[in-house]
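One structure is given below, encoded as structure tokens.
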Amino acid sequence: MEDMIFYDRLQFAFTITFHYIFPQLTMGLSLIIVFYKGLYLRKKVEKYNDAAKFLMKIFAINFTMGVITGIPMEFQFGTNWAKFSELTGGIIGQTLAMEGMFSFFLESSFLALFIFGEKLMGQKLHFLTGFLVFLGSWASGWFILATNAWMQHPVGYEILDNGKYVLENFSALFTNPWLLPAFLHNQLASVVTSSFVVASIGAFYILRQKNIEYGKLFLKTGVIFGLISSLLVAFPTGDWNAKNVAKYQPASFAAMEGIFETEEAGAEIVLVGQPNMVEKKLDNKIAVPNILSFLTYQDWDKQIVGMDHFEEDELPDNIPALYYSYHIMVGLGTIFIGIMGLAGFFLWRKKLYTIKPLLWIIMFLVPFPYIANITGWYVAELGRQPYLVYGLLKTVDGVSPTVSSGNTLFTLLGFVALYMLLGLLFLVLVGKAIHQGPKHQTH
Amino acid sequence: MTDTLISLISVFIGILGGLSFGFLFKSYSSGVIGNTIAGVFGSILFIKVFGRLGFNPQAIMQSGSVNMLLFVINMLVSFFGGAIAVFLSYKLKTKFNK
């Protein structure tokens, strides 16, 4: 049984991690596309329209990859996690179906219209289709986050005699106090990724002395969007999320912050340290006293409970992974603010396009927002353990008893091979689009 | 479990169908990017719609092992789905841009 749960979780972690590479770009990119299209409508400068259409091409490749990698997710609910689906299907089925019916179809239909229909529709309707693609992709995020919010902090449900969960209050799903901060944090983090991708393409064009006009446009947009979104991801949305975790999942909060022992007066914030699970302490710790209490409760001396306060089976089952994921996410977020702040300063001083070392840094920084986004999701998912639905349904009670670990391992290996091919195809297609450049479609 | 893998392989065959059609009939091609995207959606659409006739991934694995005949039919339909999608996207593009 242990083996089975391990492979089921490993397979889900692998497939969802690979899948989330794509939606995190499409959600943020759709906002930048709408921005360019809006600028074009206002200023009638062709380069904004070219930029919007070029980014929509990258959006389309990402969207397609997201669709392909989304297929196994749909299957896994039924195969690996059949018990979970059976028990909670009455609730999560609602939001997942809404995601498919409303958002996915909105996004895919208007994506096709945006790509093919510019001449037929005229510019105002073309802008509208772009806006609807944006709306679809963000609505998709909303419904997925609503599903996850219910798993993190279940509300509006009733448990039937047969153990199944059903909705008692539909609107509670969308007024869940977990949902709004998680949604805003997630969407802004996707804008961070997209801004870095756009800025990176811009830096690449400038360094290669190719499509320089567009390079400058992309770099400027990427830096401005990147700076604003990096700041908003940290505050207020990141702060709001952390406060929610402290309030609703105190055991997870203690684990992700690395608080092994409850301190009576004020908790320190750990900057560096390695969790030692044998001695239940942090090795080589560098911490600042009382800051965590202040950040969480605006009170320097407020007590924050440590992991010693909880029973062993109530704590997340992989504390080091949770702790490192959280600190990687926060550390990278801080670096993003620093780099984008610096780039913003040089943009303001009109020197950014000539500082080659900074352009190289911006160009090669592109994988890191992906890492920050994915580790952010690891924090949410590892922090919820040992539950699938926090406080109600343990992970061990949600797996399918009939699927063997050997079978799961076989398909996992198959996914790894196919996803490697898919990843390669993705890089080739995006590389080709970037090589062709924004001018390609109009000139 | 294996049916999940089959559905992914099916999508890859759809991409292959789209790219092959674009390569053989260059006047209908939307470029490598366009043909790949059309191949994916054509394959998914065809398998979702026609797979219910008895060759969707679940039906292929119904006996517990892979039914090779149904598997081949699935792959062929997926291949043609990808190819037809490239043709249709060309037609759509031409009509929209008249």
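General remarks:
- For the range A:1-49, residues that are buried (at least 22 other Cβ atoms within 10 Å of the Cβ) and of a type in the set (V, I, T) total 4.
- Scanning the range A:386-404 for residues that are out of contact with any Ser or Thr (no Cβ under 7 Å at 6 or more places or on another chain), away from every other protein chain (no Cβ under 11 Å) and either assigned to a helix (DSSP H, G or I) or not aliphatic (A, V, I, L, M) (or both) gives A:Y390, A:G391, A:K394, A:T395, A:V396, A:D397, A:G398, A:P401.
- Any hit, the range B:27-48, residues being more than 12 Å from every other protein chain (Cβ to nearest Cβ), farther than 29 Å from A:M121 by Cβ and assigned to a helix (DSSP H, G or I): no
- Qualifying positions in the range A:302-323 - outside any helix (DSSP H, G or I) and either of a type in the set (V, I, T) or touching an Asp or Glu at 6+ places or on another chain (Cβ under 9 Å) (or both): A:Q303, A:I304, A:V305, A:G306
- Of the residues making up the range B:54-61, not a single one is in a helix (DSSP H, G or I), within 28 Å of A:M56 (Cα to Cα), modelled with pLDDT under 95 and within 12 Å of another protein chain (Cβ to nearest Cβ).
- Which numbered condition B:I73 misses (of (1) out of contact with any Phe, Trp or Tyr (no Cβ under 7 Å at 6 or more places or on another chain); (2) surrounded by 14 or more Cβ atoms within 10 Å (Cβ to Cβ); (3) more than 12 Å from chain A (Cβ to nearest Cβ); (4) of a type in the set (A, V, I, L, M, F, W, C)): (1)
- Some residue of the range A:197-216 being in a helix (DSSP H, G or I), under 16 Å from the mean Cα position of the chain (by Cα) and either free of Cβ contacts under 8 Å to residues at least 60 places away in the same chain or crowded, with 19+ Cβ neighbours inside 10 Å (or both): yes
- Check on B:L5, more than 30 Å from A:F54 (Cα to Cα), of a type outside the set (S, T, N, Q), surrounded by fewer than 23 Cβ atoms within 10 Å (Cβ to Cβ) and within 13 Å of another protein chain (Cβ to nearest Cβ): yes
- Restricted to the range B:24-57, and to residues there that are aliphatic (A, V, I, L, M) and touching a Lys or Arg at 6+ places or on another chain (Cβ under 9 Å), the residue that is surrounded by the most Cβ atoms within 10 Å (Cβ to Cβ) is B:I33.
- Subset tally (residues that are more than 9 Å from every other protein chain (Cβ to nearest Cβ) and either modelled with pLDDT under 95 or closer than 16 Å to A:L422 by Cα (or both)) for the range B:11-21: 6
- Qualifying residues in the range A:63-82 (those that are touching a Leu at 6+ places or on another chain (Cβ under 9 Å) and closer than 21 Å to A:P401 by Cα) - the one modelled with the highest pLDDT: A:W81
- A single entry from A:F114, A:F143, A:F131 fulfils the requirement of being within 14 Å of another protein chain (Cβ to nearest Cβ), aromatic (F, W, Y) and touching a residue at least 24 places away in the same chain (Cβ under 8 Å): A:F114.
- Taken together, the residues in the range A:426-439 that are touching a residue at least 40 places away in the same chain (Cβ under 8 Å) and either outside any helix (DSSP H, G or I) or within 10 Å of chain B (Cβ to nearest Cβ) (or both) amount to 5.
- When the range A:165-184 is limited to residues that are touching a residue at least 60 places away in the same chain (Cβ under 8 Å) and part of a helix (DSSP H, G or I), the one that is farthest from A:F22 (Cα to Cα) turns out to be A:L173.
- Hey, A:T15 modelled with pLDDT of 90 or more and of a type in the set (S, T, N, Q) or not: yes
- Looking across the range A:343-352, the residues that are within 19 Å of A:E213 (Cβ to Cβ) and either among the charged types (D, E, K, R) or more than 30 Å from the chain's Cα centre (by Cα) (or both) come down to A:K350, A:K351.
- Inside the range A:405-422, residues that are small (G, A, S) and either in contact (Cβ under 8 Å) with a residue 12 or more places away in the chain or away from chain B (no Cβ under 13 Å) (or both) make up a count of 1.
The values are calculated or read from the model by the stated rules, or taken from the named source; none is laboratory data. These figures come from a predicted structure and were not determined experimentally. Note that we place each Cβ from the backbone using ideal geometry, even for glycine, and neighbour counts take in every protein chain shown.
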